[in-house]
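Only the coordinates and a few stated rules stand behind these numbers; no lab work does. Just so you know, these numbers come straight off a predicted model, no measurement behind them. Please note: Cβ atoms are built from the backbone with ideal geometry, for glycine as well, and neighbour counts cover all protein chains shown.
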Amino acid sequence: MKILIFGATGSIGNTFFSILRKYKNNINVVGATCDKNIKKIKKLSEEFNIKNIGINNLKLAKRYEISNNTKVFKGINSFKKLINKDIDIIIFAISGLSALDLSMDVVKSGHTVGLANKECIISVGKSFMSVARKNKTKIVPLDSEHNSIYQLIKFTKLDFQSVTITASGGPFHKEDLSKLKNISPKEALSHPTWKMGKKITIDSATLMNKALEIIEAKYLFDLDLDQVKTVIHPESIIHATINFSNGSSASLMSEPNMEIPIINLLNVSKKIIKSEKTYDLSKKSPLNFFKIDVKKFPAIKFVYDVIKIGGIAPHVMNYNNEILVNLFLKEKIGFLDIVKFNELTLKKYFKENDNIQNPTLEDLISANKWIDLNIIIS
Ligand code: NDP
Ligand code: MG
């Protein structure tokens, strides 16, 4: 089996390569990319004999020493050349919106795609899945909640009325609102159940990650606004529940570990890995569930307003968030400002710009330009 992985040096990449080390199988990694971690990508290319390497940072790409016939693709715009007919699975694990353009090449590839990146589908919107369908690209969500819904649909083969995705609540779900104002990046980066990249970890602390996942679920499974629900579940054992019309539900349970969704992806057409993990119910009680306090986590109310506005609004929220998370990490704005300034900027955006129902990539880029100049940060 031949695999191409975009974003090989990140947290998803780490889990993927640890699976390959552990299960010693016939998987051949034919291409892998990074932004600037050339040390790590070099090590990976040597360990897994990867012949095609993509490096986004041009200066660093020049410094990459080419060893025995490895081809180096420089800059993210050249990464699409890594996609060819000979690939079985593409893992799309670059973080954030920098890979928006590339996401469309991935979705047009006609291959099986393990979709970790959630930002791109949220910004591209409805057409993401229709382009995938047109090109016979099979999208397998890797986000644990969405992977669970995907599995549940496969297992039950039943029509359902709605889905519930769980949120760990991040590090502050028990904290008083008054304390959240002075949270530092270091505190926000210490997630209780998941070990992930910086951007998604901050999103988990504000619950913006769950807000983004509500939109992600809507597009992946073609659901209406009132068909996606969310609840805080600090143990992160139940990842998603699908709710049937007879009042019953089916939930998917597992340890919070990205190995499971990635193994599900690798096994999608033929079982090649038998996971050594077995879930032991007796070790994990009690399981707790809490209604989300939207005063503390306004992202969850905000996202439903954004979905109601529709059109380019999810992208505006998504792009604002990316900028604001970076500013928070640099200690330029406070923790609560991330969602507050996002809401204010979105309001201003729609005062000064018309909505676009089915935005093209060009529309998204011109919205970005407006946001870069007009984002509210104080
Ligand atoms: P990381 O920050 O750990 O890794 C990001 C990867 O993308 C790295 O390989 C990084 O390269 C690369 N990258 C970043 N910016 C660019 C760029 N401009 N051009 C090219 N490559 C770039 O993120 P995660 O692995 O945690 O997450 C990846 C995606 O998966 C995110 O969209 C996230 O929301 C989603 N996801 C992650 C989960 C997790 O458990 N980690 C769970 C569910 C979803 P470099 O190392 O050189 O910086
Ligand atoms: Mg998730």
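General observations
- GNM remark for the chain: springs join alpha carbons under 10 Å apart, and the peak mean-square fluctuation among SER282, SER269, SER103 falls on SER282.
- Note on the chain: Cα-Cα pairs beyond 37 Å make up 18% of the total pair count.
- Förster-model FRET efficiency, 51 Å R0, GLU175 and ASN69, C-beta, rounded to 0.05: 0.40
- Packing, as the average of other Cβ atoms within 10 Å across residues, places the peptides 197-205, 42-50 in the order 197-205, 42-50, highest first.
- Peptides 232-242, 328-338 ranked from most to least packed by the mean count of surrounding Cβ atoms within 10 Å: 232-242, 328-338.
- Taking the chain as a Gaussian network of alpha-carbon nodes connected by springs under 10 Å, the highest mean-square fluctuation of the residues PHE155, PHE244, PHE92 belongs to PHE155.
- Annotation for segment 327-378 versus segment 1-68: alpha-carbon center distance of 33 Å.
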